[in-house]
Amino acid sequence: MKYDYPTIEKKWQDIWDEKQVFAAKNDYSLPKFYPLVEFPYPSGQGLHAGHPRPYTALDIVARKRRMEGFNVLYPMGWDAFGLPAENYAIQNNVHPKIVTEQNVKRFREQIKSLGLSFDWSREINTTDPAYYKWSQWIFLQLFKNGLAYKSKMAVNWCTSCKVVLANEEVVGGSCERCHSEVVRKEKVQWMLAITKYAQRLIDDLDEVDYPERVVASQKHWIGRSQGALVDFNSTAGDLLQVYTTRPDTLFGATYMVISPEHPYIEKWADKIQNMDEIKVYQAAAAKKSDFERTEVAKEKTGVQLKGVMGINPVNNAEIPVFVADYVLVSYGTGAIMAVPGHDQRDWEFAKKFDQPIVEVVSGGDVDAAAFEDCDTGVMVNSGFLNGLSVDDAKAKITGWLKEQGKGEPKVNYKLRDWVFSRQRYWGEPIPIIICDKCGFVPLDEKDLPLTLPDVESYRPTGEGDSPLAGLDEWVNCTCPKCGGAAKRETDTMPQWAGSSWYFLRYCDPFNDNAIASPEAIKYWMPVDWYNGGMEHTTLHLLYSRFWHKFLYDIGVVHTPEPYSRRTSHGMILGEDGVKMSKSRGNVINPDDIVNEYGADTLRLYEMFIGDFEKTAPWSSNSIRGCKRFLDRVWNLRESAQTGEAYSPELESSIHKTIKKVGEDIETLKFNTAIAALMTLLNEIADKGSLTRGEFKTFLLLLNPFAPHITEELWETLSFGGMVTEQKWPAFDSEKCKDSTAEIVLQISGKIKARMNMDAGLDKEQMIALAKENPEIKGILSERGIVKEIAVPGKLVNFVVR
RNA sequence: GCCGCCGUGGCGGAACUGGCAGACGCCCGGGACUUAAAAUCCCGUUCUGGCAACAGAGUACCGGUUCGAUUCCGGUCGGCGGCACCA
């Protein structure tokens, strides 16, 4: 009988479905395991070769854990709000809901064809009103706790399409669709105060098991810095406050710079003599897109405020004040003290605008370049700081500033509050009513969900408002507080909203009274193992950690962190070694692979392709090796003989393989786990036959990787029940040890001979035996031994003269 | 520029804590089976020289530590990912 994978795979997928084999149990007395993969955005293109990699990896872990007796929750769902469906809707005038439904259907079929052990009874969809009811509920809690507020923010504005663009729609400073200019435009937006959680988001990284690179990028994104606020007086009479991480260099501050948006420009308008020039500069800066503003970073621009001078608090020197767009209004105080001797940006600016450059830390050459990396230097030209180290100077000046009432220590973060509004249709409506009398009024929780109404056109309005703004009968409503006429908020939430808490919903997906029942959350959370792409290590991870911490603060969840362990898979590239893309024509469609080789082969290959955490190019040739392996496993059923025991020839290898496969699965080394199974198969083939007991163990080990073929063989050989219901095999560590070992014999580190020795020998015994080796004996007779080194089980090395 | 990761055969990749470099797979070459082909099975396969036994070289490059370095340290070059005027 041939290995008929299409029939076999269909058969077992139907059985799993029908018997709900992989449904998580609601028995909270069992030990639990909650593995999670990032739920996909169901795009129109369907699955690509990258999707099955993480899904299969955690599927392997999930299947192993079930066999180890855990109650496993391995769920799947759809992150289905988002731009592509909306853009498709605009172009074809089809409701995004319809498009989304079609895409979800296709994705579900494709994923099911891979034989993944997801608990489909808990499938969720962020666009389902029963789901987004709770996204809206969380927003209301944030609002009620003062963490959601409205504020003017710059948005990307396409001058031709007249719409607000998401950052990913801006390509190289122009609109992705029409290629015309994108500029900054101020709009009032909902914001979430994630910055209030900045420190906790850093500190609690110590509590979780994340890869180093993920921890680093989270910290980098939050961007904590320790510095000081310093008050500079001015000839205009107002204090101009700056933030600096280098208060020790205060004596080197020879001028100041404020950002074009700084409020003092307006305040000082009557004192500034060149206001016209300043206004021109401000206008030019405002017109620049973010892209231009950073693109032209090389060349510094700016204008001096004539008629106003700053006063350096340490020496009362009058110093000029410039406006320049290299100073950002959104960071620190929007104003800086410039220390051109020790900051490269200030140095470049000083050179261009002919400002004095003063060295305050010795060791560099400030005429050639700013001396930035000056931690080892000594203070000079710095009055009472002279002679101190940088660290001591920092401490002393900070104390002095405080004494004088001219400054204080300050921690700053690069992290900004989260812009939470989108002027789009396909997202969760923000459940807020805007009342002229009462301001922003939260929708009553009993009125949730606030469902997305149907609209005529999915195109944002020409003023950049969401398409919802055109629906008068939806927008106009009564204020829940005063009963007067009011309007609904027409902005919707970003795609990040639904994905910031979805792991909680899986715990109890159909609960209509809460995110999930407290018992379910208490039992299942935190997620034990969360795998996702590196592209989500900053935003998604940070946003969901933030929401979780908030939910912790209001008592909805019991752990401050949502995920105990995070891992990241590498991307699968096209055969040509570059990222798969439609335009390059190098996209591999999993459907084709499933048809040609079967799901088990695809799963095996995706795991065998290389180090799980690294990118790897697809190879149409290599996958054939995985198919061959399964063909050979299939043919084993003819060689299986009676007997439950392991044969003496294979016993040790089997125990070693059980150990190796088990360990490798836990440490993400799926490729070497498969290699170990291949090695064992080669040994079995060399021997020519195997016992039923040996075959059973082999199938159990292979099952998480290739579930269909192993179930079929298990059934064919009448081993009883299903593989899925079996226990994960155990190994005996005594039997993993070899009785003899081939020992390498070296002379001064060079291999001269090898010999077999009893594995239990100690160093002295090994050295004694090695000296008897004819090859070694010959060499040693001519040269004197300087040193004897023995490593049990490995080698003996004689260092000679 | 900054942060992180990486550099091993023709290819994807192995190598625990410093101890036989190249596991496993692909490709390729040879053979068996076949009328033939495919499939399958067996043998070979880092490079150089040699019919061979064998000898020498070899983990991007230069240097260091060590009895011994793919592994640790310093430097150089190259690639990938992310961030980027954050004072």
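A few remarks follow.
- Magnitude of the charge dipole, chain A, Cβ model with Lys/Arg +1 and Asp/Glu -1, debye to 20: 300
- Summarising the amide proton neighbourhood of A:L795: residues at separation of 5 or more, or on other chains, whose placed amide H is nearer than 5 Å comprise A:V744.
- Full-extension gain in nm, A:R108 to A:E764, via 0.36 nm per residue minus C-alpha separation: 229.8 nm
- Extension reserve of the A:Q344-A:D27 stretch, reckoned as 0.36 nm per residue once the Cα distance is removed: 107.9 nm
- Net +/- balance of residues flanking A:D553 in space, Cβ distance below 15 Å, scoring K and R +1, D and E -1: +2
- Cβ crowding within 10 Å, taken as a proxy for footprinting-reagent exposure, orders A:T642, A:T716, A:T195 from fewest neighbours to most as A:T642, A:T716, A:T195.
- Shown in residue order for the stretch A:213-221 are the 3J(HN,Hα) couplings computed by the Karplus curve 6.51 cos²θ - 1.76 cosθ + 1.60 at θ = phi - 60°: 5, 6, 4, 4, 6, 5, 5, 5, 5 Hz (x for Gly and Pro).
- When A:M1, A:M256, A:M309 are arranged by Cβ crowding within 10 Å, least crowded first, meaning fewest neighbours, the order is A:M1, A:M309, A:M256.
- A simple rule links phi to the HN-Hα coupling: the Karplus curve 6.51 cos²θ - 1.76 cosθ + 1.60 with θ = phi - 60°, which for the stretch A:348-360 gives 4, 5, 5, 4, 5, 9, 6, 9, x, 10, 10, 7, 10 Hz, with x for Gly and Pro.
- Working from label points 7 Å from Cα in the Cα-to-Cβ sense, the A:D392 to A:E299 distance is 4.6 nm.
- The overall shape of the stretch A:42-146, judged from the alpha-carbon gyration tensor, is oblate: a/c is not under 1.5, and a/b is no greater than b/c.
- Spin-label model, A:A675/A:K481: points 7 Å from Cα along the beta carbon direction are separated by 6.6 nm.
- Placing dummy labels 7 Å off each Cα toward the beta-carbon, the span from A:N621 to A:K579 is 2.7 nm.
- Legend: ranking of residues A:W418, A:W547 from fewest to most surrounding C-beta atoms inside 10 Å; resulting order A:W418, A:W547.
- For chain A, the longest principal axis of the C-alpha atoms and the axis of helix A:539-553 are separated by about 80°.
- Length released on extending from A:D209 to A:K162, taking residue separation times 0.36 nm less the Cα-Cα span: 12.4 nm
- About its Cα centre, the stretch A:1-129 has a charge dipole of approximately 360 debye under the convention of +1 per Lys or Arg Cβ and -1 per Asp or Glu Cβ, with nothing else charged.
- Amide H contacts under 5 Å for A:R224: A:K414, restricted to partners 5 or more places along the chain or on a different chain, H placed in the peptide plane at 1.01 Å from N.
- Percent of beta bridges antiparallel (DSSP, chain A, rounded to nearest 5): 75
- Calculated on C-alpha atoms, the gyration radius of chain A divided by its Kirkwood radius gives an Rg/Rh of 1.06.
- Gyration tensor (alpha-carbon) shape descriptor, the stretch A:172-278, a/c threshold 1.5: oblate
- Between helix A:129-144 and chain A there is an angle of about 40 degrees, using the helix long axis and the longest principal axis of the Cα atoms.
- Calculated FRET efficiency, A:K219 to A:Y552, Cβ-Cβ distance, R0 = 25 Å: about 0.75 to the nearest 0.05.
- Comparing A:A24, A:Q45, A:G69 along the charge dipole axis of chain A, the residue lying farthest to the positive side is A:G69, per the Cβ-charge model.
- The stretch A:624-736: C-alpha gyration tensor shape, a/c 1.5 cut-off, then a/b vs b/c: rounded
- Whole-Hz Karplus values for the stretch A:237-244 come out as x, 7, 7, 10, 8, 10, 10, 9 Hz, taken residue by residue from phi with 6.51 cos²θ - 1.76 cosθ + 1.60 and θ = phi - 60°; glycine and proline positions read x.
- For chain A, the longest principal axis of the C-alpha atoms and the axis of helix A:52-67 are separated by about 60°.
- Taking amide hydrogens as placed 1.01 Å from N in the peptide plane, the amide H of A:F33 sits under 5 Å from those of A:N71, A:V72, A:L73, each at least 5 positions away in sequence or on another chain.
- Pairwise FRET efficiency - A:K727 versus A:K185, Cβ, R0 = 56 Å, nearest 0.05: 0.35
- Sparsely packed GluC sites (Glu not before Pro) within the stretch A:637-692, loop by DSSP, other Cβ within 10 Å at most 11: A:E644
Readers should treat all values here as calculations from the given coordinates under stated rules, not as data from a laboratory. Keep in mind the model is a prediction, meaning the values are calculated, not measured. FYI the Cβ positions are ideal-geometry reconstructions off the backbone, even for glycines, and counts take in every protein chain you see.
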